[in-house]
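Following: one structure in structure tokens, then a few remarks.
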Amino acid sequence: MGEMIRGENTSYARYEELITRRDNLRKEAFQYHRAYVREFGDLILEVFRKKIECIQKKKTIEYCQAALNHGKVVDQKQMQEYLEKEMAEFKAQLDDMVKEHDSSLKDWNITEKDALEIKRIYHRLVKKIHPDINPSVAGSEELMDLWNRVVVCYDCNNLKELRKLEVPVAKALEDLGASSGVIDIPNLDEKIKAIEEEITRITETDPYQYKFLLTDADAVDSKKEELKEELQTYEKYSDQLDDALE
């Protein structure tokens, strides 16, 4: 992007280094989350489906009980409309979980060579259109769209699509007259501190912390047993609700 002036050179170098590190950690956290879903997704979905089943049965009982308390006959059509409305959010959540699980099973498998190229391309694009480094990007819908696509490709290790994005990024910058110039980043020290704090949050919370679980075979087995026990609890509760419905 030509020669840019962004406050003190040493401060900017630190700023850029931290942004790169934070983004790498975000990507790692994303990958750990995908690995977590691949490992436990089937059981998690079973548990959630059974939970939804119990919620629907409970709401059915409550609806019928309310009608009986008022001396009314239960209208099956109205009850179904009520249940569909009440359960819509849960079912939408289940659909999202299924999509995420299916997507995690299709993650890109890459070689070490491809991983290094992904990093190189990403870092080149970071210097050009990362909103934290080039604030003018936020004012361009086209550049923000390109940046969001870059992030998705980077997180998913999609080297093929990442390579393609370098050309439209360069063209968009040229068309907007943003391929060179002076960019000043105000309050640089404050921004550095904020990113340092964000890095700490990422590394100390899930999904980044999943890496310790996923690399411990005993912990993985324990987590699966925990999910199986939760499933059994919902199955027993579902049977109790069936008795109440009878």
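In debye, nearest 20, what is the charge dipole magnitude of the range 104-246 about its Cα centre with +1 on Lys and Arg Cβ and -1 on Asp and Glu Cβ, if you could check?
Taking the Cα centre of the range 104-246 as origin, the dipole is about 1260 debye.
Mind checking which of Ala88, Leu105, His130 is farthest towards the positive end of the range 33-176's charge dipole, using Cβ charges of +1 (Lys, Arg) and -1 (Asp, Glu) about the Cα centre?
Toward the positive end, the furthest listed residue is Leu105.
Using the Cα centre of the chain as the reference point, and only Cβ charges (+1 on K/R, -1 on D/E), how large is the resulting charge dipole? Debye, rounded to the nearest 20.
Using Cβ point charges on Lys, Arg, Asp and Glu, the chain gives about 600 debye.
Could you work out [θ]222 nm for the chain from helices alone, using -39500 (n - 2.57) per DSSP H run of at least four and dividing by all its residues? Round to the nearest 500 deg cm²/dmol. Don't skip to the answer; put the middle values down first.
On the way: 8 runs with 191 residues, N = 246.
So the calculated ellipticity at 222 nm is -27500 deg cm²/dmol.
For the range 30-186, with the dipole built from +1 on Lys and Arg beta-carbon atoms and -1 on Asp and Glu ones, taken about the Cα centre, which of Gln65, Ala170, Ala115 lies farthest toward the positive end?
Farthest along the dipole direction, towards plus: Gln65.
Quick one: among Asn158, Asn109, Asn134, which has the greatest mean-square fluctuation in a GNM of the chain with alpha-carbon springs under 10 angstrom?
Of the options given, Asn109 has the highest mean-square fluctuation.
How would you classify the range 96-167 from its alpha-carbon gyration tensor, with a ≥ b ≥ c the square roots of the eigenvalues: rounded for a/c under 1.5, else prolate if a/b is greater than b/c, otherwise oblate?
oblate
If one computes the Cα centroid of the range 16-83 and of the range 89-115, what distance in Å separates the two points?
The distance from the Cα centre of the range 16-83 to that of the range 89-115 comes to 17 Å.
Over the chain, give the accessible area per residue in Å² for a 1.4 Å probe, as an integer. Walk me through the numbers on the way to the answer.
On the way: 15240 Å² over 246 residues.
It amounts to 62 Å² per residue over the chain.
Seen from all sides and averaged, what is the projected area of the convex hull of the Cα atoms in the chain, in nm²?
19.2
Is the C-alpha gyration tensor of the range 113-223 telling us rounded, prolate or oblate? Criteria: a/c under 1.5 is rounded; beyond that, a/b larger than b/c is prolate, otherwise oblate.
oblate
Over 28 Å between Cα atoms, which of Lys27/Lys85; Lys51/Lys77; Lys113/Lys223; Lys91/Lys160; Lys27/Lys191; Lys27/Lys50 qualify?
Lys27/Lys85; Lys113/Lys223; Lys91/Lys160; Lys27/Lys50, as the Cα separations exceed 28 Å there.
Determine, from the Cβ-Cβ distance of Glu235 and Arg38 and an R0 of 30 Å, the FRET efficiency 1/(1 + (r/R0)^6), rounded to the nearest 0.05.
0.80
So, by mean Cβ neighbours within 10 angstrom, what's the order for 76-89, 227-240 with the highest one leading? Display every interim value, and only then the final one.
Details: 76-89: 11.6, 227-240: 14.2.
Going from most to least packed, we get 227-240, 76-89.
Can you tell which of Phe30, Ile19, Gly41 lies farthest toward the positive end of the dipole of the range 1-130, using +1 and -1 charges on the Cβ of basic and acidic side chains (Lys, Arg; Asp, Glu)?
With unit charges placed on the Cβ atoms, the residue in question is Ile19.
Once neighbouring chains are kept in place and the probe is 1.4 Å, which whole percent of the accessible area of the chain is contributed by carbon and sulfur?
With neighbouring chains kept in place, the figure for the chain is 49 percent.
The values are calculated or read from the model by the stated rules, or taken from the named source; none is laboratory data. What you see is a predicted model; the values in this text were computed from it and never measured. Backbone-built Cβ (ideal geometry, glycine too); neighbour counts: all protein chains shown. In case anyone asks, the SASA skips ligands and DNA or RNA and just uses the protein heavy atoms, side chains included. Shrake-Rupley method; radii C 1.70, N 1.55, O 1.52, S 1.80 Å.
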